[in-house]
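The values are calculated or read from the model by the stated rules, or taken from the named source; none is laboratory data. Since the structure is predicted, the reported quantities are computational estimates derived from the model, not experimental observations. FYI the Cβ positions are ideal-geometry reconstructions off the backbone, even for glycines, and counts take in every protein chain you see. Areas reflect the complete protein model, heavy atoms only, side chains present, ligands, DNA and RNA absent. Shrake-Rupley method; radii C 1.70, N 1.55, O 1.52, S 1.80 Å.
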Amino acid sequence: MAETRTNKRKMGDRREADSSKTASKWPTIKTKPNLQITCLKDTHLFTVQNFLTSAESKAFVKAAESIGFVHQGSLGPTKGEAYRDNDRISVTDPVLADTIWESGLDKLFFDIKIRGKAAVGLNPNIRFYRYKVGQRFGRHIDESNDLGDGKRTHYTLLIYLSGGFKPKATNDKSSPKDSSSEPLVGGETVFYGSRNTVVAEVPPTEGMALLHIHGDRCLLHEARNVTNGIKYVFRSDVVFA
């Protein structure tokens, strides 16, 4: 299932949501004063548990679904692109970017410097991804983007909006099965080092943030196939200047 070469991503056809119409949909995000990082490969790759609460995560999913996802594909490895099959929303929203940054990320990045530059915020281009059963994103690298005025992205931010074990109520007789309420299985984000060795395998967990360096130091990685439930992800980038 894996492409063994590094392929650049192609974003394909995009539809960007109108931020003026979506701002009122976003949940109120509380500041998290005691966030802790778990390093998977020093500060180049780490996770942050409970970056969003369960209520915040579910509210983002509800807001994203109300906007409407658009399928995102690619031409595939034979055309020099990573295999990609998911659904996507893109919105440019500086206020949302600042809200997420100031809820705790700013403090986590206080001592992290890239080529002498400090982290100053998030890319206002916010993306939401949805992976249903059978969907995945093949091995690829994330590129660094020049945003102008001396600003450049150097880290990918992923916040999982679903995932983790959720016990079912034994007396729940609600019927018909809805895949959005099914436990998420699969969809791990897997990072590879030299000789195709696995550096880290990160299962999606609701509310957890995953951050990794991108650009010329980005590790080859993939989003594995979802086999049950739906995987939702909030995506942005950390900007340095």
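Of all residues in the range 127-160 being among the charged types (D, E, K, R) and more than 18 Å from the chain's Cα centre (by Cα), which is surrounded by the most Cβ atoms within 10 Å (Cβ to Cβ)? Here the answer is Arg152. Residues in the range 120-137 that are more than 15 Å from Thr92 (Cα to Cα) and either free of Cβ contacts under 8 Å to residues at least 12 places away in the same chain or not in a strand (DSSP E or B) (or both): Lys132, Val133, Gly134, Gln135. Among the residues of the range 58-74, are any in a loop (DSSP other than H, G, I, E, B), open to solvent by 70 Å² or more (accessible area, probe 1.4 Å) and modelled with pLDDT of 95 or more? No, the range 58-74 contains no residue that is in a loop (DSSP other than H, G, I, E, B), open to solvent by 70 Å² or more (accessible area, probe 1.4 Å) and modelled with pLDDT of 95 or more. Put simply, of Gly186, Gly163 the only residue that is surrounded by 12 or more Cβ atoms within 10 Å (Cβ to Cβ), under 20 Å from Ala55 (Cα atoms) and at pLDDT 95 or above is Gly163. Kindly indicate the residue of the range 86-126 that is open to solvent by less than 40 Å² (accessible area, probe 1.4 Å), more than 17 Å from the chain's Cα centre (by Cα) and of a type in the set (Val, Ile, Thr) and also farthest from Thr153 (Cα to Cα) among those meeting that condition. By that ranking, first place goes to Ile112. Scanning the range 203-221 for residues being open to solvent by less than 20 Å² (accessible area, probe 1.4 Å) and within 12 Å of the chain's Cα centre (by Cα) gives a total of 7.
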